[in-house]
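Report on the structure given below.
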Amino acid sequence: MEIASKYNPAEVEDKWYKYWMDNNLFHSEPDEREPYTIVIPPPNVTGVLHMGHMLNNTIQDVLVRRARMQGKNACWVPGTDHASIATEAKVVNKLASQGIKKNDLSREEFLDHAWEWTHEHGGIILEQLKKLGASCDWERTAFTMDEVRSESVLKVFCGLYEKGLIYRGVRMVNWDPKALTALSDEEVIHKEVNGKLYYLKYKIEGDPDGGYAVVATTRPETIMGDTAMCINPNDPKNAHLKGKKVIVPLVNRAIPVIEDDYVDVEFGTGCLKVTPAHDVNDYMLGEKYNLPSIDIFNPDGTLNENGIQYAGMDRFAVRKQIEKDLIEAGLMEKTEPYTNKVGFSERTDEAIEPKLSMQWFLKMEDLSEPAAEAVEDDTIKFYPEKYKNTYRHWMENIKDWCISRQLWWGHQIPAYFLPKGGYVVALSKEEALEKAKQQVDYEITIDDLKQDEDVLDTWFSSWLWPISVFDGINNPDNKDVNYYYPTSDLVTGPDIIFFWVARMIMSGYEYRKEPCFNNVYFTGIVRDKQGKKMSKQLGNSPDPIELMQKYGADGVRMGMLLSSAAGNDLLFDESLCEQGRNFNNKIWNAFRLVKGWETDSSTPQPEASRIAIEWFRNKLSETIIELDDLFSKYRLSEALMLLYKLFWDEFSSWYLEIVKPAYQKPIDNATYEATLSFFDDLLRLLHPFMPFITEELWQALYKREENESIMVALQPAGKKSLDSHLLKDIEQVKHVISGVRTIRLDKNIPNKEELVLEIVGEHNDSFNSVISKMCNLSAISSISEKQAGAAGFLISTTEYTIPLQDNIDVEAELIKLETELKYTEGFLNSVLKKLSNERFVQNAKPEIVEVERNKQADAESKIALLKENIASLTKKK
């Protein structure tokens with residue numbers, strides 16, 4: 001293959017993705033190998049790629065590509081989520097733009113529009129993931145509302161209902177007035193809101209003195225729903241209200257004063273208005289004391305006929321108006337600023353309205369027990385481990401799950417109402433009729449059955465995802481689910497730890513009696529450089545597709561990973577993508593350099609090359625051992641940085657420079673073959689992180705067969721025993737070479753000019769061939785005393801010197817050395833001052849004190865050497 005002079009990601013990426021697809025390299029079928037399975041967190045079917053997706057799916061691709069290269073049968077299952085609330089909202093908005101109201105359509109007509117929208121916009125995000133290089137098994141693509149998944153969801157609902165775990169009842173729910181549906185507790189985000197505390201006057205019925213009780217509330221608009229006032233029986237300041245009735249302001253309805261320890265005597269006035277239809281805690285008091293419940297709100301947040309003169313007005317408009325009316329009527333004692341936490345819909349950002357509503361619920365207590373234990377005892381491991389605490393908190397405070405939603409897009413609840421009351425739960429209308437006939441004592445036909453209008457919470461389908469993608473609900477003993485389940489790793493965000501992660505774990509134990517995955521890797525949130533969460537609404541999120549067009553997919557993948565330690569938020573900076581692109585160019589240019597060398601079988605191998613090969617072989621093995629350890633801890637960012645340094649520093653800056661033949665000279669065969677072999681190893685190690693450029697260069701490295709791919713080549717294995725002495729010795733050699741290069745730089749001595757290196761003290765001359773080549777030395781010799789005017793440096797106790805002859809401006813050099821001496825003496829004084837401080841020496845950690853003592857020793861050695869050099873130059877002067 002001809003290699004272009006410059007790397008062009010656009011050409012390379014499309015070519016190799018097509019090659020991988022054409023050769024079916026992403027597809028997996030059960031066989032005798034160890035399986036490695038990941039299921040994608042299904043994005044919204046009509047969504048488009050954002051930076052969070054980029055991070056999450058890059059990490060998944062790294063894990064799955066590495067597993068494939070370890071000889072495992074890797075299967076990454078893609079798919080999308082029907083996203084009831086988000087998708088229905090988009091369809092309603094689209095219809096509204098065409099002048100069509102949802103309420104003017106039948107359910108079937110609306111669903112036709114929703115499916116049309118889904119087919120038109122669905123799957124865009126999966127196509128975008130291909131640009132990223134995602135090696136998903138596209139033949140297995142699933143959708144939470146496709147036939148298999150829909151059948152699975154309905155079967156689970158019916159089964160859990162038969163077990164007595166699903167029930168229907170009127171409960172206080174979180175109502176979203178914008179989406180017009182109930183939400184589970186986990187779909188509510190609590191935010192601090194700056195509002196007011198309103199002090200309302202409730203006149204005491206029959207009080208001859210016109211006395212009144214004062215109630216402090218944040219929601220005066222709900223007084224029309226008041227059915228009691230509550231005081232604490234142990235509160236002396238309100239004892240006069242016991243057994244009395246008070247008049248609801250403006251409404252002029254008498255309500256009883258009840259007593260309960262629930263009331264906080266310190267809050268407000270110690271009097272609490274009780275509105276059972278519109279507050280969770282008031283609802284519990286209402287149940288306890290058998291209070292009536294007056295619902296004053298329409299589903300859209302406007303007031304209904306119980307709102308009296310405010311009927312038809314929005315709840316927040318009523319709050320403003322009622323404040324004026326209460327003041328005018330003399331029924332407002334005062335208002336004061338007040339900050340409290342208010343629940344908002346996670347989907348629509350609308351303030352939640354607590355509302356009594358008939359809903360379907362799933363009992364969670366029994367389901368949660370094995371799921372809680374699995375994480376607690378590390379059967380399922382969390383990375384980072386800190387999220388175990390978050391998970392434990394959720395599981396210890398678990399409530400029954402409200403699983404019904406007042407929407408049309410989704411899985412319609414398989415419950416059928418009977419003409420004279422009651423209902424049956426069945427997989428189909430036909431089955432429901434058979435059940436109904438056994439339940440009633442009157443004639444009934446299939447047309448008499450009316451299916452529940454509500455749909456199931458979207459999470460009720462995605463909690464089954466690791467099982468349902470392999471059809472493990474409908475066919476629990478099929479070969480796919482038996483082979484691929486439990487899955488290996490889950491990569492997701494901590495914000496859905498309970499929405500999704502916990503519930504999947506519950507379903508795994510309920511339906512497979514085992515965990516649904518072994519490890520969970522929590523990514524951080526992608527933020528901008530100022531720390532703000534990236535979002536299209538804020539305008540601070542770059543378009544991932546445009547980023548990939550600018551920097552290449554490999555460059556962007558690398559940029560994302562370099563800044564994303566597990567579980568920590570990612571402060572994204574576009575310059576990291578530029579760093580990724582630069583690294584691509586570095587690899588490309590190194591490859592072109594090596595492939596440009598001419599070989600000659602008659603050229604003997606230089607000693608320096610032999611040493612370099614042995615050293616890099618050990619360095620490579622050392623890195624592989626560390627890499628395996630980092631992957632075992634899911635420290636992917638550090639793993640990539642380790643390989644980055646191995647290629648850029650060790651391979652390019654040291655190894656290639658040592659073995660590089662002289663200008664227009666051939667290289668010996670042994671060194672060339674070793675170098676190609678190292679390049680092969682490096683490309684395979686980098687491939688999970690940078691799939692496109694590594695495939696391009698791996699194909700060009702040697703002659704390959706037609707359907708070969710680096711994707712399925714095995715990861716290189718490290719040597720079991722490392723030559724640690726050699727590794728240490730070469731580090732010493734690097735210091736010597738760097739010292740000589742510094743002298744050349746300081747003294748402006750051209751690289752082409754040969755120098756002599758003289759050594760005072762111990763030195764291992766086994767590596768002189770490497771030092772000579774890298775420093776362009778004519779000789780290396782040991783001497784007892786350094787020459788006057790020679791430049792030098794210390795490594796440990798050994799002094800390395802370069803005789804400078806007449807290549808030096810003595811006056812300029814003396815000024816330079818004396819300036820450095822003055823600085824070093826000042827530095828030494830600051831260290832000695834710290835070490836002479838008894839409190840510091842006694843209280844600081846021993847290792848910190850040791851660091852300071854090492855600084856002292858280094859500074860003293862440097863001062864001695866500088867003084868010696870100054871004395872030598874002064875003599876020469």
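The values are calculated or read from the model by the stated rules, or taken from the named source; none is laboratory data. All figures in this text were calculated on a predicted structure; none of them were measured in a lab. Here the Cβ positions follow ideal geometry from the backbone for every residue, glycine too, while neighbour counts run over all protein chains shown. When the accessible area is computed, the model is the full protein with side chains, heavy atoms only, and any ligands, DNA or RNA have been set aside. Shrake-Rupley method; radii C 1.70, N 1.55, O 1.52, S 1.80 Å.
Being open to solvent by less than 40 Å² (accessible area, probe 1.4 Å), in contact with a helix residue (DSSP H, G or I) (Cβ under 6 Å, 6 or more places away or on another chain) and among the polar types (S, T, N, Q) is true for just one of 824, 801. Which residue is that? Let's see the steps before the verdict.
Working: 801 fails: in contact with a helix residue (DSSP H, G or I) (Cβ under 6 Å, 6 or more places away or on another chain).
Going through 824, 801 in turn, just one is open to solvent by less than 40 Å² (accessible area, probe 1.4 Å), in contact with a helix residue (DSSP H, G or I) (Cβ under 6 Å, 6 or more places away or on another chain) and among the polar types (S, T, N, Q): 824.
Condition check: surrounded by 13 or more Cβ atoms within 10 Å (Cβ to Cβ), over 18 Å from residue 252 (Cβ atoms) and of a type outside the set (Asp, Glu). Does residue 338 satisfy that? Break it down stepwise before answering.
Working: surrounded by 13 or more Cβ atoms within 10 Å (Cβ to Cβ): yes; over 18 Å from residue 252 (Cβ atoms): yes; of a type outside the set (Asp, Glu): yes.
Yes, satisfied.
State which residue pairs qualify: first residue under 21 Å from residue 864 (Cβ atoms) and inside the stretch 820-842, second residue open to solvent by 70 Å² or more (accessible area, probe 1.4 Å) in any location, beta carbons under 6 Å apart, and separation of 6 or more residues or different chains.
824/862; 831/855
Could you figure out which of (1) within 18 Å of residue 584 (Cβ to Cβ); (2) touching a residue at least 60 places away in the same chain (Cβ under 8 Å); (3) open to solvent by less than 30 Å² (accessible area, probe 1.4 Å) isn't true of residue 646?
It fails just one condition, (2).
Here is a yes/no grid of residues against (1) of a type in the set (A, V, I, L, M, F, W, C); (2) at positive phi; (3) open to solvent by 30 Å² or more (accessible area, probe 1.4 Å):
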{"residue": "198", "(1), (2), (3)": "no, no, no"}
{"residue": "204", "(1), (2), (3)": "yes, no, no"}
{"residue": "218", "(1), (2), (3)": "no, no, yes"}
{"residue": "240", "(1), (2), (3)": "no, no, yes"}
{"residue": "258", "(1), (2), (3)": "yes, no, no"}
{"residue": "277", "(1), (2), (3)": "yes, no, no"}
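Taking into account only those residues within the stretch 501-547 that are assigned to a helix (DSSP H, G or I), among the hydrophobic types (A, V, I, L, M, F, W, C) and in contact with a Pro (Cβ under 7 Å, 6 or more places away or on another chain), which is farthest from residue 470 (Cα to Cα)?
505
Counting only residues that are polar (S, T, N, Q) and surrounded by fewer than 22 Cβ atoms within 10 Å (Cβ to Cβ), which one in the stretch 448-491 is nearest to residue 107 (Cα to Cα)?
Initial filter on the stretch 448-491 (polar (S, T, N, Q)): 451, 458, 461-462, 468, 474-475, 478, 482, 487-488.
Cutting the leftovers down to surrounded by fewer than 22 Cβ atoms within 10 Å (Cβ to Cβ) gives us 451, 474-475, 478, 482, 488.
Numbers: 451: 12, 474: 27, 475: 31, 478: 36, 482: 39, 488: 40 Å.
Here the answer is 451.
A quick yes/no check of all residues on (1) modelled with pLDDT under 95; (2) open to solvent by 50 Å² or more (accessible area, probe 1.4 Å):
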position	(1), (2)
2	yes, yes
10	yes, yes
26	no, no
29	no, yes
36	no, no
78	no, no
87	yes, no
103	yes, yes
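I'm trying to understand the selection: among the residues of the stretch 511-527, which are farther than 26 Å from residue 472 by Cβ and β-branched (Val, Ile, Thr)?
Taking the stretch 511-527 as the starting set, the residues that turn out to be farther than 26 Å from residue 472 by Cβ are 523-527.
523, 525, 526 - these are the residues of the stretch 511-527 that are farther than 26 Å from residue 472 by Cβ and β-branched (Val, Ile, Thr).
For the stretch 702-720, how many residues meet the condition of being hydrophobic (A, V, I, L, M, F, W, C) and at pLDDT below 95? Let's see the steps before the verdict.
In the first step, residues of the stretch 702-720 are kept if they are hydrophobic (A, V, I, L, M, F, W, C); the result is 710-714, 717.
Right, trim to at pLDDT below 95 and you get 717.
Total meeting the criteria: 1.
For residues in the stretch 357-380 being buried (at least 19 other Cβ atoms within 10 Å of the Cβ) and farther than 21 Å from residue 487 by Cα, which is farthest from the chain's Cα centre (by Cα)?
357
Report, by residue number, each residue of the stretch 128-183 that is open to solvent by 20 Å² or more (accessible area, probe 1.4 Å), in a helix (DSSP H, G or I) and β-branched (Val, Ile, Thr).
148, the sole residue that qualifies.
Given 133, 79, 123, which one is under 30 Å from residue 624 (Cβ atoms) and either touching a His at 6+ places or on another chain (Cβ under 9 Å) or in contact (Cβ under 8 Å) with a residue 60 or more places away in the chain (or both)? First the steps, then the outcome.
Working: 79 fails: under 30 Å from residue 624 (Cβ atoms); 123 fails: under 30 Å from residue 624 (Cβ atoms).
Only one candidate passes the filter, namely 133.
Quick one: would you say residue 621 is assigned to a helix (DSSP H, G or I) and either loosely packed, with under 15 Cβ neighbours inside 10 Å or free of Cβ contacts under 8 Å to residues at least 12 places away in the same chain (or both)?
On the way: assigned to a helix (DSSP H, G or I): yes; either loosely packed, with under 15 Cβ neighbours inside 10 Å or free of Cβ contacts under 8 Å to residues at least 12 places away in the same chain (or both): no.
No; evaluated as a whole, the condition is false for this residue.
Of the conditions (1) open to solvent by less than 10 Å² (accessible area, probe 1.4 Å); (2) more than 15 Å from the chain's Cα centre (by Cα), residue 538 fails just one. Which one is it?
Failing condition for residue 538: (1).
Would you confirm, using the coordinates I've provided, whether residue 812 is among the aliphatic types (A, V, I, L, M) and closer than 30 Å to residue 607 by Cα? Talk me through it step by step, then tell me what you get.
Numbers: among the aliphatic types (A, V, I, L, M): yes; closer than 30 Å to residue 607 by Cα: no.
Answer is no for this residue.
Pairs needed: first member in the stretch 100-114, within 13 Å of residue 406 (Cβ to Cβ); second member anywhere, assigned to a helix (DSSP H, G or I) and open to solvent by less than 40 Å² (accessible area, probe 1.4 Å); C-beta distance under 9 Å; at least 6 residues apart or different chains.
From the stretch 100-114, the pairs are 102/88; 102/91; 102/95; 102/110.
Return a yes/no flag: does the stretch 546-567 have any residue that is over 30 Å from residue 727 (Cα atoms) and among the β-branched types (Val, Ile, Thr).
Looking for residues that are over 30 Å from residue 727 (Cα atoms) and among the β-branched types (Val, Ile, Thr), one finds at least one in the stretch 546-567, hence yes.
Which ones in the stretch 238-252 are touching a residue at least 12 places away in the same chain (Cβ under 8 Å) and either in contact with a Ser or Thr (Cβ under 8 Å, 6 or more places away or on another chain) or part of a loop (DSSP other than H, G, I, E, B) (or both)?
Across the stretch 238-252, the qualifying residues are 238, 242, 243, 244, 248, 249, 250, 251.
What pairs come up if the first residue lies in the stretch 165-177 and is within 15 Å of residue 280 (Cβ to Cβ), the second is of a type in the set (Val, Ile, Thr) and open to solvent by 30 Å² or more (accessible area, probe 1.4 Å), and their beta carbons are under 7 Å apart, counting only those six or more places apart or on different chains?
172/280
Looking for something more than 24 Å from residue 6 (Cα to Cα), among the aromatic types (Phe, Trp, Tyr) and buried (at least 16 other Cβ atoms within 10 Å of the Cβ) - is there at least one such residue anywhere in the stretch 657-677?
For the stretch 657-677, residues more than 24 Å from residue 6 (Cα to Cα), among the aromatic types (Phe, Trp, Tyr) and buried (at least 16 other Cβ atoms within 10 Å of the Cβ): absent.
State which residue is nearest to the chain's Cα centre (by Cα) when the search covers only the stretch 285-309 and only residues that are without any contact (Cβ under 8 Å) to a residue 12 or more places away in the chain and open to solvent by 40 Å² or more (accessible area, probe 1.4 Å). I'd like the intermediate steps shown before the answer.
Start the filter on the stretch 285-309 by keeping residues that are without any contact (Cβ under 8 Å) to a residue 12 or more places away in the chain, which leaves 287, 290, 298, 304-305, 309.
Subsequent filtering for residues that are open to solvent by 40 Å² or more (accessible area, probe 1.4 Å) retains 287, 290, 298, 305, 309.
Values: 287: 43, 290: 48, 298: 39, 305: 48, 309: 50 Å.
Across the stretch 285-309, the extreme among qualifying residues is 298.
Could you please find all residues in the stretch 87-99 being without any contact (Cβ under 8 Å) to a residue 12 or more places away in the chain and not small (Gly, Ala, Ser)? Working first, answer last.
Filtering the stretch 87-99 down to residues without any contact (Cβ under 8 Å) to a residue 12 or more places away in the chain leaves 92-93, 96-99.
Hits for the stretch 87-99 are 92, 93, 98.
Please work out if residue 780 is open to solvent by less than 50 Å² (accessible area, probe 1.4 Å), in contact with a strand residue (DSSP E or B) (Cβ under 9 Å, 6 or more places away or on another chain) and more than 17 Å from residue 866 (Cβ to Cβ).
Values: open to solvent by less than 50 Å² (accessible area, probe 1.4 Å): yes; in contact with a strand residue (DSSP E or B) (Cβ under 9 Å, 6 or more places away or on another chain): yes; more than 17 Å from residue 866 (Cβ to Cβ): yes.
Yes; evaluated as a whole, the condition is true for this residue.
State yes or no: is residue 629 surrounded by fewer than 20 Cβ atoms within 10 Å (Cβ to Cβ), touching a Phe, Trp or Tyr at 6+ places or on another chain (Cβ under 9 Å), among the acidic types (Asp, Glu) and over 26 Å from residue 771 (Cα atoms)?
Working: surrounded by fewer than 20 Cβ atoms within 10 Å (Cβ to Cβ): yes; touching a Phe, Trp or Tyr at 6+ places or on another chain (Cβ under 9 Å): no; among the acidic types (Asp, Glu): yes; over 26 Å from residue 771 (Cα atoms): yes.
So residue 629 does not fit the description; no.
In this structure, is residue 419 open to solvent by less than 50 Å² (accessible area, probe 1.4 Å) and not β-branched (Val, Ile, Thr)? Before you say what the answer is, go through the steps one by one.
Values: open to solvent by less than 50 Å² (accessible area, probe 1.4 Å): no; not β-branched (Val, Ile, Thr): yes.
No: the conditions fail for residue 419.
List pairs: first residue in the stretch 380-402 and touching a residue at least 12 places away in the same chain (Cβ under 8 Å) and of a type in the set (Ser, Thr, Tyr), second residue part of a loop (DSSP other than H, G, I, E, B) and open to solvent by less than 90 Å² (accessible area, probe 1.4 Å) anywhere in the structure, Cβ distance under 6 angstrom, at least six positions apart or on different chains.
383/566; 383/634
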